[in-house]
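Read through the structure below, which is laid out as C-alpha cells, and then see the notes.
Quick note: the coordinates plus some simple rules give every number you see, no bench work behind them. The model shown is predicted, which means the values in this text are computed figures rather than measured ones. All Cβ positions, even for glycine, are placed from backbone atoms using ideal geometry, and neighbour counts span all protein chains on display.
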Amino acid sequence: MHLSYHVKLKKTIAAHFDNTVYWYRRALDFYIDFCLEKWDLISGIRGIKYQIKFIEEQTIAVNARVLTVPDESNFKQQFPDFPPYLRRVAMRQARGLVSAYFKRLNKWNTMSDNNRSKRPGRPSAGKAYPYLYRKYMFQRIDLYRVKIKVYNNGKWEWCEVDLCRSDVNYIEKNCSDGKEKMPKLFRKGAKWFLKFPFEFDSKVMSVPLDKQIAIGVDLGVTNICTCVAMDAKGNIIARRFLHRGYANEIMASIGSKKRRNPQISIGNMIKRGRHQICKRAGKFILDFALEYGGNVVVFEKLDNRERSNKVFFTMSKKIQKMVERKCEIKGIKTEYVCAWNTSRYAYDGSGTVKRDKDNPSICTFKSGKVYNCDLSAAYNIAARYFIREIYNTLTEEDRRSIAAKVPKCVHRASSTLNTLLLMQAALADGASSH
C-alpha cells in the first residue's frame with residue numbers, strides 16, 4: 001500500500017525552485033519528442049529497463065557502441081551539466097506519457113465514428129514536477145532540515161531548506177511503520193512542498209467467515225455516521241452514533257470568523273470545515289472497529305442516485321476513502337454492499353418503515369415499533385455483507401435449497417438482518433438433517 005504526505009518548505013527562495021522546474025519540464029519535453037519520433041523502435045524492446053537504456057544510448061554517448069549522437073538528439077549539448085539522476089526521471093516519465101498516448105490513440109482509432117470523442121492530444125510536460133533521487137538530488141541534514149539540488153545562476157548547486165515542524169511531526173507519528181520513498185518537489189499556490197510517498201507492508205487479516213466481526217456503517221444526514229458491530233450469526237455486539245453536534249459547531253463557527261475577518265473566503269472556510277468533519281468521522285469509525293475487533297468495515301455502495309444531494313455524496317465518498325486507507329494499514333478489509341432500501345426496510349423483516357415528518361431519524365415499523373432509522377440501516381448493511389459471503393461459499397445444491405427457504409437472500413436490495421437470521425436457521429436445519 002502506498003500513501004503520500006506533503007511537507008511545506010519554509011524560508012524558500014522561489015526563484016531557485018522555479019528555475020529547477022522550468023529546466024526539468026524542458027528536458028521532459030525533449031524526451032517526449034524523442035519518444036514520439038522513435039516509438040516504433042522503443043515499443044519493440046521488451047522491458048521498461050531496456051527501453052530506458054535504449055533512449056539513453058540514443059541521446060547520450062554512454063559507451064563505445066554509440067560513438068556519435070546527432071546534434072538534434074544530443075541531450076548534453078542542449079542541457080549542459082544537467083543532473084543525470086534528474087535526467088533519468090524525465091526519461092521514465094516521458095516514456096510513460098508517450099506509451100499512454102499511443103494506447104489512447106489506438107483505442108480511439110478502433111471506435112466507430114458515432115462513439116468517437118475528441119482525438120487524444122499530443123503529450124507534453126505541462127505542469128509536471130520532478131522526483132528527487134536520494135543522495136544525488138535530495139539529502140537530509142537533520143529531521144527538520146534538508147538539502148535539495150536546484151538550478152541557480154547557470155549551474156546546479158545544493159540549497160538548504162527548513163521543513164515545517166508540524167508536518168514532519170505528523171509524519172513521524174503516523175508513518176513510523178512505512179518505508180519512505182524519494183520525494184517530489186511541487187508548488188501549490190505561492191508555497192513549495194515536498195511530497196513524501198510511503199510504502200506500507202500491511203496484509204489484510206485472513207479470518208474465517210464464521211469468526212469475523214463486521215462493522216456496518218450508515219452515513220446519514222441526521223447523524224454523521226452510525227456504527228454497528230455484528231458477528232456472522234447476526235448478534236449485535238455494540239452500536240455507536242456520531243451525532244451532528246460536532247458538525248454544527250464547526251459550521252456555526254464559520255459565521256463568527258467571517259464577521260471578525262470579512263476578507264476570509266467563506267467558500268474556503270466551508271471546504272475546510274467539511275474536511276474536518278470527514279476526518280472526525282473517519283477516526284470515529286476506525287476507533288470503533290479497533291475497539292471491538294472488527295475484521296471488515298462495510299459501507300453502502302453509493303451511486304448516481306445520491307448525487308441529488310451533492311454535499312452528502314462528496315462527503316460520504318471522502319469518508320469512505322479515508323477509512324479505506326486507514327483500515328488497509330491496520331489490516332482491516334473494506335467492503336461495499338447494495339445501498340438500495342437499507343433505510344427503507346425494517347431490520348426485523350416487518351416491511352417498509354414510515355419516517356417521522358418532524359424527526360427524520362425516527363421511523364415506525366409496520367409492527368408499531370418506533371426505532372432509530374439510521375441504526376436499522378446499519379444493521380441491514382452489516383447483515384447484507386454476511387448474506388453475500390455466506391451465499392457465495394455454498395454449493396449450487398445448497399444455494400437452491402436456501403433460496404427456496406429464504407428467497408430474500410438472493411435479492412440483496414430487499415435483504416435485512418432478519419434475512420440473515422432466517423438464513424442461519426435454514427443452514428442449521430440443513431446441517432442437522434444431514
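Which of D398, D167 has the fewest other C-beta atoms within 10 Å, and how do the rest follow up to the most? Don't jump to the answer; show the numbers that get you there.
Working: D398 14, D167 19.
Going from sparsest to densest Cβ surroundings: D398, D167.
Consider a paramagnetic label point 7 Å from the Cα of A100 along Cα→Cβ; state which residues of the stretch 116-131 have an amide N under 20 Å from it. What the label zone holds, given the 20 Å backbone N cut-off, is 117-131. Membrane-span-like helices in the chain, defined purely by DSSP H runs whose alpha carbon atoms cover 15 Å or more axially and whose average Kyte-Doolittle hydropathy reaches -1.0, are 14-37, 48-59, 84-110, 245-260, 266-291, 310-330, 373-393, 417-433. Compute all pairwise cysteine Cβ distances in the chain, then list the cysteines with no distance under 4.7 Å to another cysteine. When partners are defined as cysteine Cβ atoms under 4.7 Å apart, the chain leaves C35, C159, C164, C175, C225, C227, C278, C327, C338, C409 without one. Net charge dipole, the chain: roughly 1440 debye, given to the nearest 20, about the Cα centre with Cβ charges of +1 for Lys and Arg and -1 for Asp and Glu.
Think of each Lys and Arg Cβ as +1 and each Asp and Glu Cβ as -1; about the Cα centre, that makes the dipole of the stretch 1-201 roughly 440 debye.
Once you reduce the stretch 106-149 and the stretch 332-371 to the center of their Cα atoms, the two points are 47 Å from each other.
Working from Cα pairs under 8 Å separated by at least six residues, relative contact order for the stretch 1-201 is 34 percent. The slack in the chain from E37 to F312, taken as 0.36 nm per residue of separation less the alpha-carbon distance, amounts to 94.2 nm.
Looking at the stretch 209-433 alone, DSSP beta bridges between its own residues are antiparallel in about 70 percent of cases. Per-residue extension of 0.36 nm, minus the Cα-Cα distance of S367 and K405, leaves a gain of 11.4 nm for this segment. For the stretch 83-181, what class follows from the C-alpha gyration tensor (a ≥ b ≥ c being the square roots of its eigenvalues): rounded when a/c is under 1.5, otherwise prolate if a/b is larger than b/c, else oblate? Prolate, because a/c is 1.5 or more and a/b exceeds b/c. Among I362, I42, I266, the residue with the largest mean-square fluctuation in a Gaussian network model of the chain, with springs joining Cα atoms closer than 10 Å, is I266. Taking label positions 7 Å along the Cα-Cβ direction at both D358 and H243, the computed distance is 1.8 nm, reported to one decimal.
What does the helix-only formula give at 222 nm for the chain: each DSSP H stretch with n ≥ 4 adding -39500 (n - 2.57), the total divided by the residues, and the result rounded to the nearest 500 deg cm²/dmol? Don't skip to the answer; put the middle values down first.
Working: 12 runs with 193 residues, N = 434.
Computed ellipticity for the chain at 222 nm equals -15000 deg cm²/dmol.
Shape annotation for the stretch 302-434: C-alpha extents along the principal axes are 52, 43, 25 Å, from largest to smallest. Within the same chain, aspartates and glutamates fewer than 8 places from K149 are excluded, and of the rest, those with a Cα less than 20 Å from its Cα are D18, D81, E157, E160, D162, E180.
Gyration tensor over the Cα atoms of the chain: the corresponding equivalent ellipsoid has semi-axes (square roots of 5 times the eigenvalues, largest first) of 52, 30, 21 Å.
According to the square roots a ≥ b ≥ c of the eigenvalues of the Cα gyration tensor, what is the shape class of the stretch 1-53, taking rounded for a/c under 1.5, prolate for a/b larger than b/c otherwise, and oblate for the remainder? Judged from the Cα gyration tensor, the stretch 1-53 comes out oblate (a/c at least 1.5, b/c at or above a/b). Taking Cα centre as origin and charging only the Cβ of basic (Lys, Arg, +1) and acidic (Asp, Glu, -1) residues, the dipole magnitude of the stretch 209-433 rounds to 1400 debye.
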